[in-house]
Amino acid sequence: MLKRLSIRHKQLVIIMATSTAALLLACAGFVSYEVFSFREAMTSNLSSVASLIGNNCTAALHFDDRAAATQVLNTLKGEHHIIAACIYDKNGRIYASYTQDQKPFPFPKPALTDSHEFGPKYFDLFRRIDHGGERLGTSYVCASSDQLSIRVEQYVGIIALVLCPSLIVALFLSLRLQRFVSEPILQLASMAKVVSVDKNYALRAPPQGQDEIGQLIDGFNEMLEQIQARDAALQAAHDQLEKRVLGRTQELQQEIVERTRAELSLTQQLTRINLLNSITRAIIDRHDLENVVVVVLRELEEHLPIDFGRVYLFDSQSQMISVAARRYQGKSQYAKIDLFAGLTPLKDTGLDACSTGEIVSFPETSSSQTAVAMKLHQAGLHSALAVPLRVENELFGILLAARVAPKAFNSEESEFLRMLSEQVALAAHQARLHTQLQHAYDELRQTQVAVMQQERLRALGQMASGIAHDINNALCPVVVYSDLLLQDTSQFSDVTVRNLENIKTAGEDIAHIVCRMREFYRQRDKSDSLVAVQLNKTATQVLELTRPRWRDIPQARGVVIELETDLEPGLPEITGNGSELREALTNLILNSVDAMPEGGKLTIRTRAGGWDRSPGAATHVFIEVSDTGSGMDEQTRRRCLEPFFSTKGKRGTGLGLAMVYGIAERHEGSIDIESAPGRGTTMRLIFPVKTGRDRLPAGGGKPATRVPALRVLCIDDEPLLREMLRQILENGGHTVEVADGGSAGLEVFRSAVRSDNPFDVVITDLGMPYVDGRQLAQALKAESPRTPIIMLTGWGSMMKEDGDVPIQVDGVLSKPPKIAELYEMLGAVTSKAKAA
Ligand SMILES: Nc1ncnc2c1ncn2[C@@H]1O[C@H](COP(=O)(O)OP(=O)(O)OP(=O)(O)O)[C@@H](O)[C@H]1O
Ligand SMILES: [Mg+2]
């Protein structure tokens, strides 16, 4: 508890405790002394009384005089402090006794020797009574202890009286004096507290005397001084350290800022390199310009990013630019802006510097007066860069990138776009080359396909012609002899005449088929009559002629074919052979009818068309036949033009479209076929429109030829044909001689010349053993240049087409020759010879 008290109270407690203890000890000593002295005095007093009594009672004892003894004892009545006394005989019996107030008193047993004893209430004293060395008895005196108690009480009162004021004085003094000690200590303590709390080492405790407290304060002050000095040094060191730390921190911060900047720039560079890489990768595989441009713009808009991007292509010839990948619409709201619609001269845009390879920059579009800057500004785009796309130092296009914010492109981005432009230019250029190459390749392939088709058709044509030649040769006699027989029918019965007519018709039908077979290969003959043909009229005629096939016959089966005619009024005329065109159209209509066994819709449409749609300037007309029939699969569509290609089995010869093809070719036209299985077919015949100069008068036949009687030499290795020719010509009133080969013919001709009866004309076959038609013609012309030579051959038409006619030959006739044709030719060559 003491430890917890303040030093002042501690001092007070110590002083008070010390002084109280000292005073109490002093009082105790005094009281003890007084009690001791009082006892001593009492002992000596009672001892004297006992001795006196003993002495006075000796005689009484000796003589056994109790009364005397009692008398002696009664003398004690004056002694107030003695409350009882007695004399014991030598046997220890009470001989005489005295009590102060006559009351019985408990006398103790006598002691054998002199003794005394202090009890709490009484003081007992025994003395021997001797006489003459003999013990007579013992005297006993008892005094009350009250006096001692009273004495002690008095002392205690006195002590209390002295102690209280002494303690009060001591307290007062200690209160006053302890300040000399406690106050400086308390001051020091409070100062230490202030110093420790405020860390103010400049404070000093006021100096005290030279005692220990003074020394303590001095020591404390000195310690403070040292601490202050150390604190100052420490503060200085701390300040210096702080300064260094601050400096270093600033340096580090600066370094961090620089590093961050470097890192940012590196990251941006990396991002751009990545972007460049990804764009390069993306465009490297793209071979069409549009795709390349779209990829570049999309990547730039998403990753650079820019708000608006366009690529313009530059045409060095016209010096115009136009938007590449027009269909591309970016995601931004500016994507739909159209800066330059269509073709725009480069010099009008304000980007002409691009042509020298310079990047045109518009940091603020508002401050430039060029067209592109003004348009961008109007659109709300405030900064832009135009980067030229150049290949081999030639401007190829321009990449325009714009942003909403002004001054939004830095030099790195400009450099990036320049690098990108090189890649884009290369890729775009490559894509353009690729496209051109692709076009060239496609054209080549198409040409190749067309050539192959042509070759195929040509080969087929030649084959067909070969077959036709043989069939013709075989057919000639049939037709010609029946013709001959029919010239004079007087000797025949009616049945014979009818049979002959049937033979002739059948022969002619075969000839017609053969002819049809060859039609698709035949080239236009000069003798073909070309007239101005109105396709609308042709269509109407053919529809009328074929009406039974597309209406009546199907209707009889309950099938309805609906007809729609869509003929363009005022359709320009074309030049051609009316009957051929009718035949072609008939074939197309019949094919359509065949394709619609369950009925459907047949449409005939005519249109004028061409590059320039201004009225009267059509370059082409077409007539198309559409049906809603079965359509063709790819293979059928590819092969349908081939002769003998048919999917109709015995119902079709497969010559229809081959013929149509031949007819279209001869009219310098073409066939367009649109068809898909189940979706119907559209066959379109496209013909060029002839200019006024090319047009021919419509219609017109040839005048019949009258030939005077001639002397004719007929040379053919086939006897049937020789005889046939002889009969035809003799029927016509001509004189005919025949020869069975080239050398025989030459002989006959020479002998006639020698006998001065030369031939007026020679008709010769082409293919003969030993001396063929050509050699013969050569020899004849050498000998008689004025004699006309007609060549009669199964290859007639082909020779004319191929320009294969020998110059010595004046005319070529195909087998089997029609009589009219033969006479016509005879007339033509002989009149020509006469004129010469
Ligand atoms: N309008 C059409 N619809 C469907 N297939 C057609 C059509 N026109 C032609 N074809 C197909 O082309 C083939 C050849 O036609 P092409 O006219 O040459 O011969 P064909 O009609 O079979 O016989 P032909 O005309 O000699 O009687 C036909 O067999 C048919 O398969
Ligand atoms: Mg047909």
Open item on the list: Given the options TYR312, TYR334, TYR328, name the one that is assigned to a loop (DSSP other than H, G, I, E, B) and touching a strand residue (DSSP E or B) at 6+ places or on another chain (Cβ under 7 Å).
Closed with: TYR334
- [ ] Would you confirm whether any residue within segment 656-666 is of a type in the set (D, E, K, R) and either more than 21 Å from GLU568 (Cβ to Cβ) or within 13 Å of ligand 2 (Cβ to nearest atom) (or both)?
- [x] yes
Task: Looking only at segment 63-85, and only at residues there that are in a helix (DSSP H, G or I) and of a type in the set (D, E, K, R), the one that is surrounded by the most Cβ atoms within 10 Å (Cβ to Cβ) - done: ARG66
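Pick from ALA405, ALA427, ALA431: which is within 15 Å of HIS287 (Cβ to Cβ) and either loosely packed, with under 15 Cβ neighbours inside 10 Å or in contact with a Leu (Cβ under 8 Å, 6 or more places away or on another chain) (or both)? Give the derivation first.
Numbers: ALA405 fails: within 15 Å of HIS287 (Cβ to Cβ); ALA427 fails: either loosely packed, with under 15 Cβ neighbours inside 10 Å or in contact with a Leu (Cβ under 8 Å, 6 or more places away or on another chain) (or both).
So the residue among ALA405, ALA427, ALA431 that is within 15 Å of HIS287 (Cβ to Cβ) and either loosely packed, with under 15 Cβ neighbours inside 10 Å or in contact with a Leu (Cβ under 8 Å, 6 or more places away or on another chain) (or both) is ALA431.
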Open item on the list: Quick check on my filter: what residues within segment 3-13 are β-branched (Val, Ile, Thr) and farther than 16 Å from PHE172 by Cβ?
Closed with: ILE7
Open item on the list: Tell me which strands (runs of 3 or more DSSP E) are completely within segment 563-671 and hold 3 or more residues being more than 16 Å from ligand 1 (Cβ to nearest atom) and more than 53 Å from the chain's Cα centre (by Cα), or say none if there are none.
Closed with: 574-576
- [ ] Report yes if PRO697 is touching an Asp or Glu at 6+ places or on another chain (Cβ under 9 Å), modelled with pLDDT under 85 and not aliphatic (A, V, I, L, M), otherwise no.
- [x] no
TODO: Sort out which residues of segment 625-646 are in contact (Cβ under 8 Å) with a residue 12 or more places away in the chain, of a type in the set (D, E, K, R) and within 16 Å of ligand 2 (Cβ to nearest atom), and write them in order of number.
DONE: ASP627, ARG637, GLU642
- [ ] Assess whether PHE180 counts as being aromatic (Phe, Trp, Tyr), at pLDDT 85 or above and part of a helix (DSSP H, G or I).
- [x] no
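Can you name every residue in segment 672-684 that is under 21 Å from ARG456 (Cβ atoms) and either free of Cβ contacts under 8 Å to residues at least 24 places away in the same chain or more than 9 Å from ligand 1 (Cβ to nearest atom) (or both)? Spell out the reasoning first.
Just the residues of segment 672-684 that are under 21 Å from ARG456 (Cβ atoms), to begin with: 672-673, 675, 683.
ASP672 - this is the single residue of segment 672-684 that is under 21 Å from ARG456 (Cβ atoms) and either free of Cβ contacts under 8 Å to residues at least 24 places away in the same chain or more than 9 Å from ligand 1 (Cβ to nearest atom) (or both).
Of LEU216, LEU234, LEU188, which residue is crowded, with 16+ Cβ neighbours inside 10 Å, in a helix (DSSP H, G or I) and of a type in the set (A, V, I, L, M, F, W, C)?
Details: LEU216 fails: crowded, with 16+ Cβ neighbours inside 10 Å; LEU234 fails: crowded, with 16+ Cβ neighbours inside 10 Å.
Sole residue among the options that is crowded, with 16+ Cβ neighbours inside 10 Å, in a helix (DSSP H, G or I) and of a type in the set (A, V, I, L, M, F, W, C): LEU188.
Of all residues in segment 743-773, which are among the β-branched types (Val, Ile, Thr), under 14 Å from SER784 (Cβ atoms) and outside any helix (DSSP H, G or I)?
Initial filter on segment 743-773 (among the β-branched types (Val, Ile, Thr)): 748, 753, 761-764, 771.
Adding the requirement that they be under 14 Å from SER784 (Cβ atoms) leaves 748, 753, 761-762, 764.
Residues satisfying the conditions are VAL761, VAL762, THR764.
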Open item on the list: It is to be established whether one or more residues within segment 31-38 are surrounded by fewer than 15 Cβ atoms within 10 Å (Cβ to Cβ) and outside any helix (DSSP H, G or I).
Closed with: no
Open item on the list: Any residue in segment 590-601 that is among the aliphatic types (A, V, I, L, M) sitting within a Cβ distance under 6 Å of a residue that is within 8 Å of ligand 1 (Cβ to nearest atom)? List the pairs, counting only those 6 or more apart or interchain.
Closed with: ALA595/ASP627; ALA595/GLY629; ALA595/SER630; MET596/ASP627; MET596/GLY629
Open item on the list: Within segment 415-436, does at least one residue satisfy the condition of being at pLDDT 80 or above, among the acidic types (Asp, Glu) and more than 21 Å from LEU289 (Cα to Cα)?
Closed with: yes
Open item on the list: Given the options LEU437, LEU417, LEU385, name the one that is assigned to a helix (DSSP H, G or I), out of contact with any Cys (no Cβ under 6 Å at 6 or more places or on another chain) and under 12 Å from SER361 (Cβ atoms).
Closed with: LEU417
- [ ] Read through the list (1) of a type in the set (Phe, Trp, Tyr); (2) exposed (fewer than 13 other Cβ atoms within 10 Å of the Cβ); (3) touching a Pro at 6+ places or on another chain (Cβ under 8 Å), then give the number of the only condition that TYR88 fails.
- [x] (2)
TODO: Kindly check whether there is at least one residue in segment 514-534 that is within 16 Å of ligand 2 (Cβ to nearest atom), of a type in the set (A, V, I, L, M) and either at pLDDT 80 or above or closer than 17 Å to PHE687 by Cα (or both).
DONE: no
- [ ] Among the numbered conditions (1) of a type outside the set (Phe, Trp, Tyr); (2) closer than 24 Å to ILE273 by Cα; (3) not in a loop (DSSP other than H, G, I, E, B), tell me where PRO305 comes up short.
- [x] (3)
Open item on the list: For segment 347-361, give me each residue that is surrounded by 16 or more Cβ atoms within 10 Å (Cβ to Cβ) and without any contact (Cβ under 8 Å) to a residue 24 or more places away in the chain.
Closed with: GLY350, ASP352
Open item on the list: What pairs come out if I take residues in segment 494-513 that are of a type in the set (Gly, Ala, Ser) and pair them with residues that are at pLDDT 85 or above whose C-beta lies under 6 Å away, six or more apart or interchain?
Closed with: none
Open item on the list: Return the residues of segment 570-605 that are among the hydroxyl-bearing types (Ser, Thr, Tyr) and away from ligand 2 (no atom under 15 Å from the Cβ); say none if nothing qualifies.
Closed with: THR575, SER579, THR603
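Considering only segment 720-736, state which residues are crowded, with 16+ Cβ neighbours inside 10 Å and either at pLDDT 85 or above or touching a strand residue (DSSP E or B) at 6+ places or on another chain (Cβ under 6 Å) (or both). First the steps, then the outcome.
Going residue by residue through segment 720-736, those that are crowded, with 16+ Cβ neighbours inside 10 Å are 721-729, 732, 734, 736.
Scanning segment 720-736 gives ARG722, LEU725, ARG726, LEU729, HIS734, VAL736.
The values are calculated or read from the model by the stated rules, or taken from the named source; none is laboratory data. These numbers come from a predicted model, not from an experiment. Every residue, glycine as well, gets a Cβ built from its backbone with ideal geometry; the counts of neighbours run over all protein chains shown.
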